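Peer 1: Have a look at this one.
The values are calculated or read from the model by the stated rules, or taken from the named source; none is laboratory data. In this text, all values refer to a predicted model and were calculated from it rather than measured experimentally. Cβ atoms come from the backbone with ideal geometry, glycine included; neighbour counts cover every protein chain shown.
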Amino acid sequence: MDSITLGIKKFFSSIFGAPKSNIAVGIDIGTSSIKVVQIKKEGGRAVLDTYGALALGQYSESGMVGQVTNLDPETLAKALSDVLAETHITSKNVVLGLPSVSCIIFILQLPAEIEERDLATVIPNEAKKFIPVPITDVSLDWYIIPRREDSGTEGRVLAESGGEARMSVLVVATLNETLIKYTTLMQKADLPTNALEIEVFSHIRSVLTRELFPVMIVDIGASKTKLSIVEHGVVETFRLANKGSQDMTLAIAHSLELPFDKAENIKKENGLVPTPEHPQVPDLIKVHLADIFQETNATILAYEKRYNKNVGKIIFTGGGAMTKGLLEYAKQSFGADLVIADPFAKVDSPVFLQAVLKTTGPEFSVALGLALKQIQ
Ligand SMILES: Nc1ncnc2c1ncn2[C@@H]1O[C@H](COP(=O)(O)OP(=O)(O)OP(=O)(O)O)[C@@H](O)[C@H]1O
Ligand SMILES: [Mg+2]
């Protein structure tokens, strides 16, 4: 699993350097809220130190908690400093998550005889076909996917294709604009930009449990849903569904003629469980969940057809995965095993907190995965 992040780290640590330490902080800046988690290493185990989330809506003009925002780095830096102060996080060994939407992840099949030193010329040329913006607008990183049978040291996948040995190279293209935005924000928050990671890779660390088959991770955020299929720690498919949990709040607000914040509370309290007061709410949520599930199924089917492999498990994560009754409803749409992410199960925590951590876990899976990166 870690092998994949090594590739990504190569890209970012070459710019920033990423020292390992006994205490680490993961920072996930979502469109609706910032999530932070601090963990420490004790006796070889990762232990939860502190964590917290801060709604960004209150820093925007609307002031609505739960609302999707698009704040400038200055305001984001202020919000970040506030949440770090509130959670008493003092360690500067921070890792910042980058939204998967600002990156394009794809796999190139290249002739195996290409020398590693030539990849810097070959890959940008090949990558152009996959990137809808000028190649000069992105930073590229790549990672040669190791052969399964070996420990990753050889670092080449050899597949017979028309008699020619090929290697698979995972390529990540990140918009330079995004890198600049996030490094500026960290500087303004007086934090060292010592490590960055794309959120999909943090998920791999925090929600997978060494499954030996392909797994679909469905991250239902406020603005969008991120769909990734991962096998042996390698992201084989990544798709974006243009629908998130805020769409459900907006549907409730519109249909019941309620202000956004009231609708947001009703969504969180009721979820898919009907109440005498608001019997229509489950159906309003289901319309949007059904769209997300349809897109998830289409992604799974396309993957299974292309790779001739079955997706054995679907893990729901992101704040939207906390919707009450989600698993029961999802069972009607999927044949695979279904689970809600439980990232805090990866770290030790006080017994009295464990029930809360299990419930709130999906919201923190990126932040926890980021922190784990720094101490593993
Ligand atoms: N108990 C709950 N039931 C239903 N929805 C919930 C619950 N708790 C949080 N949410 C929703 O989850 C969303 C926030 O999730 P998350 O923190 O993963 O989003 P984000 O990271 O800010 O967004 P994105 O990843 O799209 O940028 C909000 O729309 C919020 O209403
Ligand atoms: Mg998110």
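Peer 1: Quick one: in segment 44-59, which of the residues that are away from ligand 2 (no atom under 16 Å from the Cβ) and within 12 Å of Ala367 (Cβ to Cβ) is surrounded by the most Cβ atoms within 10 Å (Cβ to Cβ)?
Peer 2: Initial filter on segment 44-59 (away from ligand 2 (no atom under 16 Å from the Cβ)): 44-50, 58-59.
Subsequent filtering for residues that are within 12 Å of Ala367 (Cβ to Cβ) retains 48, 50.
Working: Leu48: 20, Thr50: 17.
So, considering only residues that are away from ligand 2 (no atom under 16 Å from the Cβ) and within 12 Å of Ala367 (Cβ to Cβ), the one surrounded by the most Cβ atoms within 10 Å (Cβ to Cβ) is Leu48.
Peer 1: Run Phe213 past the list (1) in contact (Cβ under 8 Å) with a residue 60 or more places away in the chain; (2) surrounded by 19 or more Cβ atoms within 10 Å (Cβ to Cβ) and report the number of the one that doesn't hold.
Peer 2: Only one criterion in (1) in contact (Cβ under 8 Å) with a residue 60 or more places away in the chain; (2) surrounded by 19 or more Cβ atoms within 10 Å (Cβ to Cβ) is unmet by Phe213, namely (2).
Peer 1: Does Asp261 satisfy being buried (at least 16 other Cβ atoms within 10 Å of the Cβ), within 16 Å of ligand 2 (Cβ to nearest atom) and either closer than 16 Å to Gly312 by Cβ or in contact (Cβ under 8 Å) with a residue 24 or more places away in the chain (or both)? Even if it seems obvious, please write down each step before you answer.
Peer 2: Working: buried (at least 16 other Cβ atoms within 10 Å of the Cβ): yes; within 16 Å of ligand 2 (Cβ to nearest atom): no; either closer than 16 Å to Gly312 by Cβ or in contact (Cβ under 8 Å) with a residue 24 or more places away in the chain (or both): yes.
Criteria not met by Asp261.
Matching residues to (1) buried (at least 21 other Cβ atoms within 10 Å of the Cβ); (2) of a type in the set (D, E, K, R); (3) assigned to a helix (DSSP H, G or I):
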site: Asp283; (1), (2), (3): no, yes, yes
site: Ile300; (1), (2), (3): yes, no, yes
site: Glu304; (1), (2), (3): no, yes, yes
site: Ile314; (1), (2), (3): yes, no, no
site: Val339; (1), (2), (3): no, no, no
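Peer 1: In segment 65-100, which residues are touching a strand residue (DSSP E or B) at 6+ places or on another chain (Cβ under 7 Å) and surrounded by fewer than 17 Cβ atoms within 10 Å (Cβ to Cβ)? Even if it seems obvious, please write down each step before you answer.
Peer 2: So the first thing to find is which residues in segment 65-100 are touching a strand residue (DSSP E or B) at 6+ places or on another chain (Cβ under 7 Å), and the list is 65-66, 76, 79-80, 82-84, 86-89, 91, 93-98, 100.
Once the filter is applied, which keeps residues that are touching a strand residue (DSSP E or B) at 6+ places or on another chain (Cβ under 7 Å) and surrounded by fewer than 17 Cβ atoms within 10 Å (Cβ to Cβ), segment 65-100 yields Val65, Asp82, Glu86, His88.
Peer 1: Tally the residues that are in contact (Cβ under 8 Å) with a residue 60 or more places away in the chain and assigned to a helix (DSSP H, G or I), restricting the search to segment 56-77.
Peer 2: Going through segment 56-77 one residue at a time, the tally reaches 4.
Peer 1: Here's something else I'd like to know. Just checking, which of Ala330, Ala302, Ala321, Ala336 is in contact with a strand residue (DSSP E or B) (Cβ under 6 Å, 6 or more places away or on another chain), closer than 18 Å to Glu236 by Cβ and either within 15 Å of ligand 1 (Cβ to nearest atom) or not assigned by TED's automatic domain parsing to the domain that holds Ile107 (or both)? Break it down stepwise before answering.
Peer 2: Values: Ala330 fails: closer than 18 Å to Glu236 by Cβ; Ala302 fails: in contact with a strand residue (DSSP E or B) (Cβ under 6 Å, 6 or more places away or on another chain); Ala321 fails: closer than 18 Å to Glu236 by Cβ.
The match here is Ala336.
Peer 1: Of the residues Asp342, Asp348, Asp291, which is more than 12 Å from ligand 1 (Cβ to nearest atom) and under 16 Å from the mean Cα position of the chain (by Cα)? First the steps, then the outcome.
Peer 2: On the way: Asp348 fails: under 16 Å from the mean Cα position of the chain (by Cα); Asp291 fails: under 16 Å from the mean Cα position of the chain (by Cα).
Just one listed residue meets the conditions, Asp342.
Peer 1: Any residue at all in segment 330-342 that is touching a residue at least 24 places away in the same chain (Cβ under 8 Å), within 16 Å of ligand 2 (Cβ to nearest atom) and under 21 Å from Val273 (Cβ atoms)?
Peer 2: The answer is yes, given that some residue of segment 330-342 is touching a residue at least 24 places away in the same chain (Cβ under 8 Å), within 16 Å of ligand 2 (Cβ to nearest atom) and under 21 Å from Val273 (Cβ atoms).
Peer 1: Out of the residues in segment 218-258 that are assigned to a strand (DSSP E or B), within 16 Å of ligand 2 (Cβ to nearest atom) and among the hydroxyl-bearing types (Ser, Thr, Tyr), state the one that is surrounded by the fewest Cβ atoms within 10 Å (Cβ to Cβ).
Peer 2: Ser228
Peer 1: For segment 343-376, give me each residue that is in contact (Cβ under 8 Å) with a residue 24 or more places away in the chain and of a type in the set (S, T, N, Q).
Peer 2: Across segment 343-376, the qualifying residues are Ser349, Thr359, Thr360, Ser365, Gln374, Gln376.
Peer 1: Any residue at all in segment 346-358 that is farther than 19 Å from Pro282 by Cβ, at pLDDT 95 or above, in a loop (DSSP other than H, G, I, E, B) and of a type in the set (S, T, N, Q)?
Peer 2: yes
Peer 1: Suppose we keep only residues that are outside any loop (DSSP other than H, G, I, E, B) and touching a Lys or Arg at 6+ places or on another chain (Cβ under 9 Å) within segment 144-165. Which one would you say is modelled with the highest pLDDT?
Peer 2: That would be Ile144.
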